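Here is the structure we will look at.
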Amino acid sequence: MRGPRLVVNLVLLAVALLFVAPLLWLVTASFDARGGLAAKVPGDFTLGNFGQILNWQVGGRPLVNGLFISAGTAIIAVIVAVLAAYPLSRYQLRFRRPFLYTILFTTGLPVTAIMVPVYGLFVRLELVDSLWGTTVFLAATALPMAIWMCKNFMDGIPVSLEEAAWVDGASSMQALRSIVLPLMAPGVAVVGIFTFISAWGNFFVPFVLLLDPDKMPASVGIFSFFGQNGLVAYGQLAAYSILYTTPVLALYLLVSRWLGGGFSMAGAVKA
Amino acid sequence: MRRAPRFGVWLPPLAPSIVLLGLFVAGPIMWCFYAAFTNSALSGIAARRPKFVGLDNFTTAFTSSDVASSLWLTVVFVLLSAVLGQNGLGILLAVFLQHRGKLLRGVVGTVVVAAWVLPEVVAAFAIYAFLNAGGTLNEVLGWFGLGQNWLYTAPMLAVVLANVWRGTAFSMLVYQAALSEVPSDLVEAAEVDGAGPVGRFWHVVLPVIRRTVVTNLMLITLQTLGVFGLIYVLTAGGPDNRTRTLPLLMYEQAFKFGQIGYGTAIALVLLVLGAVFSLVYIRSLRAEV
């Protein structure tokens, strides 16, 4: 069995090498004063690329806009999803199954496919170029996955704890707030972070629904930068990419440490 | 679980999500079916008073070589990058990593997942630089005299590779979770009966994880059907429209040329294509049981 084992290890190493190769450029070029498109050890090491990006117009405002949109999306989605998950998890409703199947099916719907009618809707509602409109729309598209995950987390909390609260005269919403929510806080955090990460990376939705360059989040801001300067200032493009990726990377590491790797996505698929 | 309480107790907490999903998800899908039959546009008379034009948009769509070629490109993109690439490589990695040392598992896992965690646009930049004429790949291939601008000479291959690179981690994670739940006595029994590693995988493991395979295929197919940013950054649908999949064609017609009705008809084609793929997957599950 020595031979096959060696072959498998070599295949795995080759795959790892192929997967890491495109990433190298991002790191090397960002620290190189004369970075090109190929990954190489910076000949002229500098932090200047980051400095040039970090002004309000180029990097600052898009990152702040992105933070506003993504945090808003996460907060709205989490509140609405927790509220919806409660009756779905606790009561025997007649439409519970069809509703849950619809939710599960909608999690797979490619949002790209509905962007044209959504744009039409936004024109009617005069929401085009509105940060709030974009945020609420992103929250709505994040809801199916958020409701599904929240319901699964809530199912894991025994009902007997709430029953004691009802005996003491608490309403269901009071029980949700003071008993269920504290117990599922880690789950809520996971849903929030997951929603934040997908909103932070979403390019097509703000690209279509926002017009004013001053309102664009980092996903579109970095693309405009690529269009305007990307063909000359590769070092700055790489530096911008790293700045834009860091929050997502940090949040991902946080969640995966928490859940012991694999992210909750794999669990969501199995369920 | 409790019996259903009064209307006033269960409806209010569900109401916000019903309103949001109804307005922003169900509404637009319904509107697709309506607008695809009108001549609505971004500007001009048709913008204010869209007229019913029957099947005109679909006649245009299916007789125009644009939609036919985009549909074909989309199917090729999905089959190569999702079904074959992400799914195949994902399952291969999961199987290969199953009984490896902690170090190898950690290194390969981290590297593959890293490409997945990157935001879509950044992933596209990384691949853009990697495959460009002056990029890392050519730097290496140049030693063998094989360098070329891959984004120009083989654009479809480039976007397929980009999507495989970016999406394989998801399938790998799904299959790792599934493999860890395959009963080991089943596999060992097959080993005692003299089945080789390939036979064990094909006849024992695969039937057990069949449901996961179908679910994963469905999810990554729908995900890949909607890919826009990755292709838009890499090739913008070019050169010569050779990577203009349905989402890019839809964007071009609806937002660049202002043909909302026509764009919606293309969106509907995309939704129907997703439904067809899903039906095939669901049926394959039923047929085998």
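Just so it is clear, none of the values below were taken in a lab; they were calculated from the coordinates. Predicted model, so just to flag it, every value in this text is computed and none were measured. Cβ sites come from the backbone with ideal geometry, for glycine too, and all protein chains shown count toward neighbours.
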* Under a GNM of chain A (C-alpha, springs under 10 Å), which listed residue has the highest mean-square fluctuation: A:Gly43, A:Gly187, A:Gly72? -> A:Gly43
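Averaged over A:21-31, how many beta carbons belonging to a partner chain fall within 10 Å of each residue's beta carbon?
Average per residue, whole number: 5.
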* **Taking chain A and dividing mean pair separation by its residue count, relative contact order in percent (alpha carbons under 8 Å, at least six apart)** => 31 percent
* Excluding residues on the same chain fewer than 8 positions from B:Lys51, give the lysines whose Cα lies under 20 Å from its Cα. => none
* **C-alpha center-to-center spacing [the stretch A:68-83, the stretch A:102-138] in angstrom** => 15 Å
* Asked: Mean separation of Cα pairs under 8 Å and 6+ residues apart, divided by the residue count of the stretch A:65-217: what relative contact order is that in percent?
  -> 47 percent
* When you look at the Cβ of every residue in B:6-16, what mean number of other chain Cβ atoms sits within 10 Å? -> 5
* Structure fact -> Charge tally for neighbours of A:Pro217 with beta carbon under 15 Å away, counting Lys, Arg as +1 and Asp, Glu as -1, is -2
* Structure fact -> Calculated from DSSP helices alone, with each H run of at least 4 adding -39500 (n - 2.57) and the total divided by the residues of chain A, [θ]222 nm to the nearest 500 comes to -23000 deg cm²/dmol
* Asked: Setting aside same-chain residues fewer than 8 positions from B:Lys102, which lysines have a Cα under 28 Å from its Cα?
  -> A:Lys270
* Which residue fluctuates the most in chain B, going by a Gaussian network model with Cα springs under 10 Å, if the choices are B:Asp240, B:Asp56, B:Asp185? -> B:Asp185
* Structure fact -> Of the residues A:Val128, A:Ala77, A:Pro144, the Cα lying farthest along the dipole of the stretch A:65-217 towards its positive end, which is defined by charges on the beta carbon of Lys, Arg, Asp and Glu, belongs to A:Pro144
* Starting from the amide H of B:Thr38, placed 1.01 Å from N in the peptide plane, find each other amide H under 5 Å away whose residue is 5 or more places distant or on another chain. => B:Val53
